[in-house]
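**Student:** Before I ask anything, let me first share the structure, which is written out below as structure tokens.
Nothing in this text is a laboratory measurement; each read-out follows from the coordinates by a stated rule. The structure presented is a predicted model; accordingly, all values stated were derived computationally and were not measured. Positions of Cβ are generated from backbone atoms using ideal geometry, with glycine treated the same way; all protein chains shown enter the neighbour counts.
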Amino acid sequence: LQALQKVNERLLEENPAESLLFDVILITTDSQQQQQSSRVISSTRHYGLEVSRFCFSSEEDFIESLQKNNVKLFLTTDTNEVTQASQTGVVSVLLDQQTAVCSSEQLRVMFCGDAVIRPDTGPMPLTRQAAQSFSTQLGEMRQKFGMFDSPLSFILVTSHGGRESCRGALQMLRSRGVSVDEAYCLAGAPRGPMLSLLQPHFLLRDGYSGLEE
Amino acid sequence: PKPENAITIAVSSRVLFNMEKEQQIYEQQGMEEYIKYQVEHETQPFSPGPAFSFVKALEAVNTRLRELYPDSEELFDVVLMTNNHAYVGLRLINTINHHHFDLLCRVVHRALLYDRGKQSHRLLKAYHTNLYLSADPTKVREALEEGIAAATMFTPEKMTEVSETQLRVAFDGDAVLFSDESERIYKAHGLDKFFEHEKAHENKPLDHGPLKGFLEALGKLQKKFYGKGQRMDCPIRTYLVTARSAASSGTRALKTLRSWGLEIDEALFLAGAPKGPMLEKIRPHIFFDDQMFHVEGAAEMGTVACHVPYGIAQRVTKKVIKDLETE
């Protein structure tokens, strides 16, 4: 969240009238938390987190909340919520302890190339479409900054396949307006060490996304 | 192959390919212009750099290994590392394709700034790197400090032709294969004391140096050829090219190697004579030395020579420069 805020800050520095900004909504389905709603709200203020809306909904309604609020990216630590949200076409990401050590100064988004180059067979699943449009928007944001000192950074990792996969993915992302900063072709090497080294805040794939391994 | 099974050689793009022109643009016109130029010339392949023939020779060894051991993962694995923007990577991939590299080459790129302390050596460690070659001496020193065999590669003005079928690797002894302990004695007490000391300690193995592990890895592959009756036709050949002399100090070097269970195909004791001419005869794909004097001498005669910035020789050079400065 702090990294998202940093991006917003820098976007507004570049253009005070900028409209393409991150808007953060806090959603909770936890009834316990809902009873402490004022505490939740004051806590976010305490940490200087810019949350524009608080949605205290029930488990049944939370998908509706996501859709009503036109959510482009849903972050949660609950696997069920990720599955549910993905099924309705909302790009969802499973967070874990690794995310906690990521930078608060630069938002690092990792694209998993193996999914990117998969040929389009048949109708596009909802989440793939959503992921594509979301990443295009991120790409637009990235363009507002230069090569150096960008508060937003894109990493491409292709796990399988050789350099052709990597090249294909780079070109595919470029055609979508996503200019990648760092690219890694692992060609079968384990991804774990790279993830802890690169420390992305989240991974984008088609549909279900999450920091596994 | 899985990184643990393979012998992983990480090379930086500037030593695998000739990027002089692009480097100039970066230095004179800055990063954005540099990237722009690279993208504009994306489909234009780079020409070979000093590490090129070395990597091609690695490929040749892999081909022979696959013939004999089709299921083994004990092969050379080359990782291309660059401190460049991902789009330069596109041009690099295009170049590799152009030169028909069949090596399963993992292409690794890193954006230049926003490094956030992710030094190359952490990536090297993540890939179980056995040898790291770069044009950047700082990165090489960092890698050595992490215990990774590394050397700074220089481009000779003209490169002598080398074999396309047999990989030849030449090593200096002290502060490369061996520790710098004997060099320290030489620098502190002179040649006579050095000979005395080496003779007295002939049977005491020297401590290991930064490139011992790499020689060991080469030896492991060599044994795979010997195991199939291909000792005479082995596509890997190793050389020791040392200023030690055969008559005296050389014995300790050979005994040390033997104590480590390592073989070296040819040991050349030059007794202080310049290494350039000998290397010109051997024609190694790569030569490692800890002293710039020898690296330069080799390069002058067309050998691809790499500097291993390890041991007492580095400090002495720095001290000399410092003394000159204060004077």
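**Student:** I need the shape label for segment B:237-318. Rule: rounded when a/c is under 1.5, else prolate if a/b > b/c, else oblate, with a, b, c from the alpha carbon gyration tensor.
**Tutor:** Note, shape of segment B:237-318 comes out oblate.
**Student:** If a/c stays under 1.5 just call it rounded; otherwise compare a/b with b/c (prolate if a/b is bigger, oblate if not). Do that for segment A:10-93, with a ≥ b ≥ c from the square roots of the Cα gyration tensor eigenvalues. Write out the running numbers ahead of the final one.
**Tutor:** Values: a/c = 2.37, a/b = 1.26, b/c = 1.88.
Oblate shape, in that a/c is at least 1.5 and b/c is the bigger or equal ratio.
**Student:** Also: Filter A:Lys144/B:Lys36; B:Lys2/B:Lys125; B:Lys212/B:Lys281 down to the pairs with a C-alpha to C-alpha distance above 20 Å, please.
**Tutor:** Result: B:Lys212/B:Lys281 exceed 20 Å.
**Student:** Now a separate question. With a ≥ b ≥ c the root eigenvalues of the C-alpha gyration tensor of chain B, is it rounded (a/c under 1.5), prolate (a/b larger than b/c) or oblate?
**Tutor:** oblate
**Student:** Let me ask another. Let me know the mean shielding of B:85-92 by other chains, meaning the per-residue number of their Cβ atoms within 10 Å of its Cβ.
**Tutor:** Mean partner shielding for this stretch: 6.
**Student:** Trypsin sites (Lys or Arg not before Pro) within segment B:152-231: which are DSSP loop residues with at most 16 other Cβ atoms inside 10 Å?
**Tutor:** Loop-located and lightly packed - B:Lys158, B:Lys228, B:Arg231.
**Student:** Sort A:183-192, A:78-87 for me by packing, meaning the mean count of neighbouring Cβ atoms within 10 Å per residue, highest on top.
**Tutor:** A:183-192, A:78-87
**Student:** Give the average, rounded to an integer, of partner chain Cβ atoms located within 10 angstrom of each Cβ in A:94-101.
**Tutor:** 0
**Student:** Something else: Set the Förster distance to 51 Å, then compute FRET efficiency between B:Lys281 and A:Leu20 from the Cβ-Cβ distance, nearest 0.05.
**Tutor:** 0.20
**Student:** What ranking, highest mean first, results for peptides A:9-15, B:7-13 when packing means the other Cβ atoms within 10 Å averaged over each residue?
**Tutor:** B:7-13, A:9-15
**Student:** So, one more: About its Cα centre, what dipole magnitude does segment B:1-91 give when the only charges are +1 on Lys and Arg Cβ and -1 on Asp and Glu Cβ, stated in debye to the nearest 20?
**Tutor:** With Lys and Arg at +1 and Asp and Glu at -1, about 160 debye.
**Student:** Give the long-range amide H neighbours of B:Phe178: residues separated by 5 or more places, or on another chain, with amide H under 5 Å away, using H modelled in the peptide plane at 1.01 Å from N.
**Tutor:** Correct list: B:Gly209.
**Student:** On to the next question. Only bridges with both residues in the protein assembly as shown count here: give the DSSP antiparallel percent, nearest 5.
**Tutor:** Working: 6 of 61 bridges.
Taking every DSSP beta bridge within the protein assembly as shown, about 10 percent pair in antiparallel fashion.
**Student:** Moving on. Considering only chain B, what is the antiparallel percent among its DSSP beta bridges, to the nearest 5?
**Tutor:** Among the beta bridges of chain B, antiparallel pairing accounts for roughly 15 percent.
**Student:** How high is the FRET efficiency between A:Thr77 and B:Glu4 when r is their beta carbon distance and R₀ equals 30 Å, given to the nearest 0.05? Mind showing how you got there, number by number?
**Tutor:** Values: r = 32 Å, r/R0 = 1.08.
My answer for the efficiency is 0.40.
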